[in-house]
Amino acid sequence: MTNREANQYGTAALAFLGDAVYEQFVREMIVCRANMPAAKLHNEAVKYVCCEYQSAAAERIFDRLSEDEQAVYKRGRNADGITPPKHSTVIDYRRATGLECLFGYLYLIGESARLREIFGMITEEQEK
């Protein structure tokens, strides 16, 4: 898919897809670290997929994104109709939505290497 075609999708659709893409990266990372029962895998994954973690991650990597990637992120972050869950702040939820939009967008345009690179930036602190 071209960048232009991917930009035709709404932020909710990009975030919906990006959420799944991001979670797949998280699950792969956790499984590759250690073979453990599914309940422990789930508990570990929750740490990375919660909006607070995603919000902090988005802030850490923002300056390392290209202009186009920043624009997609901002489009998702600033979207109308975002209603955060009770356990989250509006700011954290918006930033997490922006990150998910970016992951959905990059997936649609076939940028799997860039997705891995960005996910590596997000998790590099945990790898140390």
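Suppose the filter is touching a helix residue (DSSP H, G or I) at 6+ places or on another chain (Cβ under 6 Å) and not hydroxyl-bearing (Ser, Thr, Tyr); does residue 79 pass it? Spelling it out, residue 79 is indeed touching a helix residue (DSSP H, G or I) at 6+ places or on another chain (Cβ under 6 Å) and not hydroxyl-bearing (Ser, Thr, Tyr). Cβ-Cβ contacts under 7 Å between residues 6 or more apart (or on different chains), taken from a first residue in the range 5-32 that is under 18 Å from residue 97 (Cβ atoms) to a second residue that is in a loop (DSSP other than H, G, I, E, B), are listed as 6/109; 11/79.
Restrict the check to the range 63-74 and report whether at least one residue is in contact with a Cys (Cβ under 7 Å, 6 or more places away or on another chain) and either in contact (Cβ under 8 Å) with a residue 24 or more places away in the chain or within 17 Å of residue 11 (Cα to Cα) (or both).
Here is the first cut: in the range 63-74, the ones in contact with a Cys (Cβ under 7 Å, 6 or more places away or on another chain) are 72-73.
From the residues that got through so far, the ones that are either in contact (Cβ under 8 Å) with a residue 24 or more places away in the chain or within 17 Å of residue 11 (Cα to Cα) (or both) too are 72-73.
Yes: one or more hits.
Out of curiosity, is residue 100 farther than 17 Å from residue 18 by Cα and at pLDDT 90 or above? Before you say what the answer is, go through the steps one by one.
Details: farther than 17 Å from residue 18 by Cα: no; at pLDDT 90 or above: yes.
So residue 100 fails the test.
The values are calculated or read from the model by the stated rules, or taken from the named source; none is laboratory data. A quick note: this is a predicted structure, and the numbers were derived from the prediction, not measured. Don't worry about glycine lacking a Cβ; one is built from the backbone with ideal geometry, like all the others, and counts go over all protein chains shown.
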